[in-house]
Amino acid sequence: MSITAKTTVYIVTHKNFAIPNVVGYVPILAGAARNHAEIAIKDDTGDNISIKNPEFCELTAQYWVWKNRDGKDSNIGFVHYRRYFYTDHRKKQIVPVECFSNDLKQADVILPEPWVMRQTVKAQFAQYHNVNDLNTVRQIIHEQCPEYISAFDQVMRGHSLYAYNMFVMSSNHFNEYMTWLFAVLEEAENRIDVSKYDAYNQRLFGFLSERLLNVWVNARKLRVKEYPVYMPEQSAWKENLRTRVKSLLFEHKL
């Protein structure tokens, strides 16, 4: 008799929201050091970087889970309070954790269906952010783990991107990914001064990590299972337009 692996999917939020009634999904409050929404699990206890949420976005919640979870879960996942993995494009049913457990018997990581863009991943980053920051990260990877450079360059030349920092993977892969990711990001934090950026671009390390997840998956040659996040008509160009609007709104507020 086979035993189904335990999978926990954390719903990252920065505010109160209507929590879906789906077994195995657990809300976690990101940036709780400056945020007092009524969410039971908060990212400002134990070993945490909650205070860095304006720069690291949902990564402060991922860091907390990495450092403070009880270790009983075979698989760990992250979604957002307004973005979930759906069983199909009708967006009617959130994927049950049992499906993830079964998927991970064949796949190494579960990711959203990728954005497919006319421009390259690097050009898309440069459109909204300081491309020199991406070059700095490439240099850090060259110094820390040169075996990842080929994957980095391949991702940056490509036209598709697994976005949103959403994934489900085994706890072992999660530990390996977070160890690698934060080694890169902590050095990037030492080299890049975001204090003069507008509020939108101060979220740099969250934006970088979206690209770095793709690099890690590519370099490790992991087997990927994809699920839809948006309806089919919500394509990459619309997401890019929303990103640009967000950028302009942040600039307007400053």
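Summary of values
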read-out	value
Residue under evaluation ASP88, criteria (1) at pLDDT below 95; (2) of a type in the set (D, E, K, R); (3) surrounded by 15 or more Cβ atoms within 10 Å (Cβ to Cβ), criterion not met	(3)
Residues (closer than 24 Å to ASP193 by Cα, in contact (Cβ under 8 Å) with a residue 24 or more places away in the chain and touching a Phe, Trp or Tyr at 6+ places or on another chain (Cβ under 9 Å)) located in the range 124-162	GLN124, PHE125, TYR128, HIS129, ASN130, ASP133, LEU134, VAL137, ILE141, GLN144, CYS145, MET156
Subset of the range 9-60 [farther than 18 Å from ARG203 by Cα and of a type in the set (Asp, Glu)]	GLU38, ASP44, ASP47
Among the candidates VAL116, VAL109, VAL121, VAL95, residue that is within 29 Å of ASN16 (Cβ to Cβ), in contact with a strand residue (DSSP E or B) (Cβ under 8 Å, 6 or more places away or on another chain) and in contact (Cβ under 8 Å) with a residue 12 or more places away in the chain	VAL95
Residues of the range 201-254 satisfying the condition of being modelled with pLDDT under 95 and among the hydroxyl-bearing types (Ser, Thr, Tyr)	TYR230, SER235, THR243, SER247
Residue in the range 45-59 that is touching a residue at least 12 places away in the same chain (Cβ under 8 Å), of a type in the set (A, V, I, L, M) and under 15 Å from ASN165 (Cα atoms) present	yes
Of the criteria (1) more than 16 Å from ASN172 (Cα to Cα); (2) out of contact with any Ser or Thr (no Cβ under 7 Å at 6 or more places or on another chain); (3) not in a loop (DSSP other than H, G, I, E, B), which one THR45 fails	(3)
Residue selected from the range 188-222 under the condition assigned to a loop (DSSP other than H, G, I, E, B) and basic (Lys, Arg), by the criterion nearest to TYR162 (Cα to Cα)	LYS221
Boolean, ALA30 is of a type in the set (A, V, I, L, M), surrounded by 12 or more Cβ atoms within 10 Å (Cβ to Cβ) and more than 20 Å from the chain's Cα centre (by Cα)	no
The range 171-188, residues that are within 15 Å of GLN62 (Cβ to Cβ) and in contact (Cβ under 8 Å) with a residue 24 or more places away in the chain	SER171, HIS173, PHE174, ASN175, TYR177, MET178, TRP180, LEU181, PHE182, ALA183, VAL184, LEU185
Enumeration of residues in the range 63-85 that are under 20 Å from VAL224 (Cα atoms), open to solvent by less than 20 Å² (accessible area, probe 1.4 Å) and either in a helix (DSSP H, G or I) or among the polar types (S, T, N, Q) (or both)	ASN75
Residues of the range 139-160 satisfying the condition of being surrounded by 15 or more Cβ atoms within 10 Å (Cβ to Cβ), within 17 Å of TYR177 (Cα to Cα) and not aliphatic (A, V, I, L, M)	CYS145, TYR148, PHE152
Any hit, the range 31-41, residues being among the small types (Gly, Ala, Ser), in a helix (DSSP H, G or I) and touching a residue at least 60 places away in the same chain (Cβ under 8 Å)	no
Enumeration of residues in the range 103-123 that are more than 17 Å from the chain's Cα centre (by Cα) and crowded, with 17+ Cβ neighbours inside 10 Å	ASP103, LEU104, ALA107, MET117, LYS122
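The values are calculated or read from the model by the stated rules, or taken from the named source; none is laboratory data. No experiment lies behind these values; they were computed from the predicted model shown. Neighbour counts are summed over all protein chains in view; Cβ atoms, including those assigned to glycine, are modelled from backbone coordinates with ideal geometry. Areas reflect the complete protein model, heavy atoms only, side chains present, ligands, DNA and RNA absent. Shrake-Rupley method; radii C 1.70, N 1.55, O 1.52, S 1.80 Å.
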